[in-house]
1. Would you mind working out the magnitude of the charge dipole of the chain relative to its Cα centre, with +1 at each Lys and Arg C-beta and -1 at each Asp and Glu C-beta, to the nearest 20 Debye?
2. Of the residues Leu92, Leu201, Leu36, which exhibits the maximal mean-square fluctuation in a Gaussian network model of the chain defined by a 10 Å Cα contact cut-off?
3. Using only Cα atoms, locate the centre of the stretch 1-22 and the centre of the stretch 49-65, then give the distance between them in Å, rounded to an integer.
4. Find out how many positive minus negative residues lie around Gly66, taking Lys and Arg as positive, Asp and Glu as negative, among other residues whose Cβ is under 12 Å from that of Gly66.
5. What is the percent carbon and sulfur in the accessible area of the chain, measuring with a 1.4 Å probe over the protein chains and ignoring ligands?
6. When a/c reaches 1.5 or more, the comparison of a/b and b/c decides; with that in mind, is the stretch 5-224 rounded, prolate or oblate per its Cα gyration tensor?
7. Simple spin-label model, 7 Å along Cα-to-Cβ: Ile192 to Gln177 in nm?
8. Just going by the charge dipole of the chain, with Lys and Arg at +1 and Asp and Glu at -1 on Cβ, which of Leu92, Ala165, Ala47 is farthest out on the positive end?
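The values are calculated or read from the model by the stated rules, or taken from the named source; none is laboratory data. None of the values given here were measured: they were computed from a predicted structure. When we count neighbours, we look across all protein chains shown, and the Cβ atoms used for this are built from the backbone with ideal geometry, even at glycine. What goes into the accessible areas is simple: the full protein's heavy atoms, side chains included, and nothing from ligands, DNA or RNA. Shrake-Rupley method; radii C 1.70, N 1.55, O 1.52, S 1.80 Å.
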Amino acid sequence: MFIAYETFRERADAVREQIAAACHRAGRDPGGVQLLAVTKTHPPAAAEYAARYGLPAVGENRVQEGVEKRAQCTAAIRWELIGHLQSNKARLAAAHFDRVQSVDSVKLLALLDRAAGEQDRRLALLLQINAGHDPNKFGAEPADAPRLLETALTLPHLQIDGLMAIAPLSDDPGVAQRTFASLRELRDRLAIQFGVPLPELSMGMTGDLALAVAEGSTLVRVGTALFGPRN
Ligand SMILES: *Cc1c(COP(=O)(O)O)cnc(C)c1O
């Protein structure tokens, strides 16, 4: 049995309060932080709840699961891919997601640009950066980010909204804090170097969203705090 809408609404209210409190401490406007509901492993009702609550978008980490769920949903909501993308799924992802947050190679950039071109659209994306230097995580090395962005800016069917990172798992909150700060600093440097705004900083999940907001996150990706644990 999936959770009731009332349960979801209470949890979403609590997450928004947590975001607002973190914004208040950091002197930020809560309107500058979007809550992305991560619906992976949950039924299509999860996306319907998010839409009913008024959230603008949901996140899925597997292409196939996202495509199938979206097809079963009548909710007017945007779908974002937040999980690792394999080359052979790039075309499918470009066709079915409104934005891809997990682009971490020149090869993927080229494939997504070609697919978006064939579909006669412009695809929004974020560059995923392994800002925590975590050997277990996907994402481009920070040192490769300029080269990725330089390539991305030459591709006509892509729109680069900003950067995304996942903090390494650690008992030390300093690890996540430093990861988020370094993603923001990288964004600031790239924006100056290339003269593009890169407004989006997708960082923070259930366990570390307050830290991420303190470091400038504009989008927190939250699953567990909204829908409960995944099996
Ligand atoms: C699953 C997932 C999340 C959400 O994690 P929670 O801890 O459940 O909030 C966020 N980002 C990515 C990339 C994920 O895969």
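1. Using Cβ point charges on Lys, Arg, Asp and Glu, the chain gives about 340 debye.
2. Leu92
3. So the separation of the two Cα centres works out to 15 Å.
4. +2
5. 51 percent
6. On the way: a/c = 1.68, a/b = 1.07, b/c = 1.57.
Verdict is oblate for the stretch 5-224.
7. About 2.4 nm separates the two model spin labels.
8. Result: Leu92, furthest along the dipole toward the positive end.
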